[in-house]
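What follows is a short report on a single structure.
The values are calculated or read from the model by the stated rules, or taken from the named source; none is laboratory data. Since the model is a prediction, treat every value here as computed from it, not as a measurement. Every residue, glycine as well, gets a Cβ built from its backbone with ideal geometry; the counts of neighbours run over all protein chains shown. For the accessible areas, the whole protein counts, side chains as well, though only heavy atoms, and no ligand, DNA or RNA atoms are used. Shrake-Rupley method; radii C 1.70, N 1.55, O 1.52, S 1.80 Å.
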Amino acid sequence: MTHAVQVTGLHKSFGDLEVLKGIDVTVEQGQVICIIGPSGSGKSTLLRCVNLLEQPTAGQVFVSGTELTDIDVDIDAARRKLGMVFQQFNLFGHMSVLDNVTIAQRRVLKRSKAEAAKVGMRNLEKVGVAEKAEQYPAQLSGGQQQRVAIARALSMDPDVMLFDEPTSALDPELVGDVLTVMRQLADEGMTMLVVTHEMQFAREVADTVLFMDEGVVVEQGPPAQVIGSPRHERTKSFLHRVL
Ligand code: ADP
Ligand code: MG
């Protein structure tokens, strides 16, 4: 069986700064992997290398069996298998919520306006913001905007969803709604790679937790092990600070 995502020997440097120092990660279909670790440890760079928003310095990235790091691959087609949700929601402020979730479907997947609207509305309903379809992002709360961003990514029918601290920019009372949507996606069998500081979410939803520090994976395993009884000093001291 092909892995949903496979990263092997991934290195990434920015000039003299080596940010990723040989990362190996495998995500199976339907699995949720949570990546935890201190600020600056390379978590965002790892996610950005997975969808080639950053070009790895060395190593390979496979998504659903296709090598994204192969220079001959159709990178736009390959990248379509990945949905990405950022800390800052990156919605188009001058477009309605519905236009935000339909534009890439129409431009990239060449769906008709009606088809794109149908898929978009279905996903807006799924994340609980269908009634905001005709409004503009600025009229929505941060939590609602982030749920629109999730609906937008889902509307492209990705094989894998990448989340980079999706709740870090939200007011505390809005975090729960976004986590609930993510939990529901996980329950439905979506394959997810999630960078998060939400330890409770990682504990309950992740199949595997991966602790990164200074560009390496220090420790990985089931949440009960990595969060519950970490083996490495660096993991212990990180958890001590965040829990
Ligand atoms: P994290 O997401 O774990 O906080 P990042 O992946 O954002 O960490 O960053 C890891 C390191 O890489 C940091 O030292 C950061 O300053 C550096 N870095 C990230 N992106 C760039 C870039 N585009 N150019 C130069 N340095 C970068
Ligand atoms: Mg980051």
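Summary table below
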item	result
Answer from L174, L91 - the residue that is at negative phi, in contact with a Gly (Cβ under 7 Å, 6 or more places away or on another chain) and away from ligand 1 (no atom under 16 Å from the Cβ)	L174
Residues of the stretch 191-220 that turn out to be open to solvent by 10 Å² or more (accessible area, probe 1.4 Å) and closer than 17 Å to F86 by Cα, as a count	2
Subset tally (residues that are open to solvent by less than 40 Å² (accessible area, probe 1.4 Å) and either assigned to a loop (DSSP other than H, G, I, E, B) or out of contact with any Lys or Arg (no Cβ under 6 Å at 6 or more places or on another chain) (or both)) for the stretch 107-117	1
Some residue of the stretch 170-183 being touching a residue at least 12 places away in the same chain (Cβ under 8 Å) and either within 16 Å of ligand 2 (Cβ to nearest atom) or not in a helix (DSSP H, G or I) (or both)	yes
Matching residues in the stretch 121-164 - criterion: being under 29 Å from V7 (Cα atoms), acidic (D, E) and either more than 16 Å from ligand 1 (Cβ to nearest atom) or open to solvent by 30 Å² or more (accessible area, probe 1.4 Å) (or both)	D157, D159
Within the stretch 24-69, tally of residues that are free of Cβ contacts under 8 Å to residues at least 12 places away in the same chain and more than 16 Å from ligand 1 (Cβ to nearest atom)	1
Selection from the stretch 221-243 of residues that are open to solvent by 30 Å² or more (accessible area, probe 1.4 Å), in contact with a helix residue (DSSP H, G or I) (Cβ under 9 Å, 6 or more places away or on another chain) and assigned to a helix (DSSP H, G or I)	A224, V242
Only listed residue being part of a helix (DSSP H, G or I), more than 19 Å from the chain's Cα centre (by Cα) and farther than 18 Å from N51 by Cα, chosen from L98, L124	L98
Failed item in (1) under 17 Å from the mean Cα position of the chain (by Cα); (2) open to solvent by 70 Å² or more (accessible area, probe 1.4 Å); (3) within 16 Å of ligand 1 (Cβ to nearest atom), with F86 passing the rest	(2)
Qualifying residue in the stretch 64-81 (condition: within 16 Å of ligand 2 (Cβ to nearest atom) and either touching a Ser or Thr at 6+ places or on another chain (Cβ under 7 Å) or among the charged types (D, E, K, R) (or both))	no
Which numbered condition G93 misses (of (1) in a helix (DSSP H, G or I); (2) touching a residue at least 24 places away in the same chain (Cβ under 8 Å); (3) of a type outside the set (F, W, Y))	(1)
Condition broken by S44, with the remaining ones in (1) modelled with pLDDT of 95 or more; (2) open to solvent by less than 40 Å² (accessible area, probe 1.4 Å); (3) within 16 Å of ligand 2 (Cβ to nearest atom); (4) under 24 Å from R183 (Cα atoms) satisfied	(2)
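Residue-by-condition table, conditions (1) of a type in the set (D, E, K, R); (2) loosely packed, with under 14 Cβ neighbours inside 10 Å:
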position: D76; (1), (2): yes, yes
position: K81; (1), (2): yes, no
position: V97; (1), (2): no, no
position: Q105; (1), (2): no, no
position: V119; (1), (2): no, no
